[in-house]
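The values are calculated or read from the model by the stated rules, or taken from the named source; none is laboratory data. None of these values were measured; they are calculated from a predicted model. Glycine also receives a Cβ, built like all others from the backbone with ideal geometry; neighbour counts cover every protein chain displayed. Just so you know, the surface numbers come from the protein's heavy atoms only, side chains and all, with ligands and any DNA or RNA stripped out. Shrake-Rupley method; radii C 1.70, N 1.55, O 1.52, S 1.80 Å.
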Amino acid sequence: MGQFANITFKRMKNFLKWLGNHKTVDVLVAGNHPIKVTCHESKQSYPLPGHREVNKHIVKDFMEWLIKNGILTEEEFKEHL
Amino acid sequence: MFRTLELIKRSRLLRKLFKPEIYPEVFFANFHKLPSRITVEWFKDEGMIIGKVMADGKEFMTQGANADEFVEMVNESIITVFDVPYEYFDIIKQSRSYSPPSEEYEKLKTPSVLRGSIGFVKKDNALKFA
């Protein structure tokens, strides 16, 4: 897990804002519920914890989910996160 | 589409003023959409409990600062991923449809236990909330 680190919610929120505006996903932030990222094509969703820091294991898993669903590449993820 | 916090505050106020009606049939339909069994492989990392949730072919990860929060996040994540409408979110969440067996829950709470695996079975006590 050397290349991943915990990230703050603010940083994740900025990344999700970019993701929602530039990629084929819907990002739903609703109060204190998990953030829901839904891929338009596969209709699959990923729930992100919407509070404090996001653990590095979840960051990596989320990246792998985005790549598996063809939403973006690893390079794009690292560039915009 | 990214919904802003201001919109969320407005919608919260509207929800308080005009509480959405809960229809039992819709509640049951959404409750039965949820998987009857899920598996969570968890471990502890930097003061957090991190879990990989596997449910009906879907896999994702979640986290919690302590055992109670972790179980709550597992429940919330499942409800989110299985597209339960937000009007029914809280009522299903209240029921804690997925609670770990007591011995597994104790392992989550014990600092010296660093990892484990839990099989959750959906409880039907949520139906009494309808």
Handout entry: Boolean, B:Val74 is surrounded by fewer than 18 Cβ atoms within 10 Å (Cβ to Cβ) and in contact (Cβ under 8 Å) with a residue 40 or more places away in the chain
Key = no
Handout entry: Yes/no for A:Phe62 being open to solvent by less than 20 Å² (accessible area, probe 1.4 Å), in a helix (DSSP H, G or I), of a type outside the set (A, V, I, L, M) and away from chain B (no Cβ under 11 Å)
Key = no
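When you scan the stretch B:74-95, do you find a residue that is at pLDDT below 80 and assigned to a loop (DSSP other than H, G, I, E, B), even just one?
Checked against the condition, which is being at pLDDT below 80 and assigned to a loop (DSSP other than H, G, I, E, B), the stretch B:74-95 yields at least one hit.
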Problem - Counted residues, the stretch A:68-79 - those being part of a helix (DSSP H, G or I) and away from chain B (no Cβ under 14 Å) - result: 6
Completion exercise
For the stretch B:60-96, the count of residues that are more than 14 Å from the chain's Cα centre (by Cα) and either farther than 30 Å from B:Tyr23 by Cβ or among the small types (Gly, Ala, Ser) (or both) equals 2
Practice task
Output yes when any residue across the stretch B:110-118 is at pLDDT 85 or above, more than 10 Å from chain A (Cβ to nearest Cβ) and touching a Ser or Thr at 6+ places or on another chain (Cβ under 9 Å), and no when none is.
Solution key: yes
Handout entry: Residue list for the stretch B:57-73, restricted to those being in contact with a helix residue (DSSP H, G or I) (Cβ under 9 Å, 6 or more places away or on another chain) and part of a loop (DSSP other than H, G, I, E, B)
Key = B:Asn66
Completion exercise
Restricted to the stretch B:96-108 and to residues being of a type in the set (Ser, Thr, Tyr) and either in contact with a His (Cβ under 8 Å, 6 or more places away or on another chain) or assigned to a helix (DSSP H, G or I) (or both), the residue least open to solvent (accessible area, probe 1.4 Å) is B:Tyr105
Problem - Hey, B:Glu41 part of a strand (DSSP E or B) and either surrounded by fewer than 16 Cβ atoms within 10 Å (Cβ to Cβ) or free of Cβ contacts under 8 Å to residues at least 60 places away in the same chain (or both) or not - result: yes
Exercise for the section: Please work out which one of (1) touching a helix residue (DSSP H, G or I) at 6+ places or on another chain (Cβ under 9 Å); (2) open to solvent by less than 30 Å² (accessible area, probe 1.4 Å); (3) among the β-branched types (Val, Ile, Thr) is the condition A:Ile67 fails and give its number. Expected result: (2)
Completion exercise
A careful count of residues in the stretch A:25-59 that are more than 7 Å from every other protein chain (Cβ to nearest Cβ), open to solvent by less than 20 Å² (accessible area, probe 1.4 Å) and under 14 Å from B:Asp45 (Cβ atoms) gives 2
Fill in the blank from the handout: Sole miss for A:Met12 among (1) open to solvent by 30 Å² or more (accessible area, probe 1.4 Å); (2) touching a strand residue (DSSP E or B) at 6+ places or on another chain (Cβ under 7 Å); (3) away from every other protein chain (no Cβ under 11 Å) is condition (1)
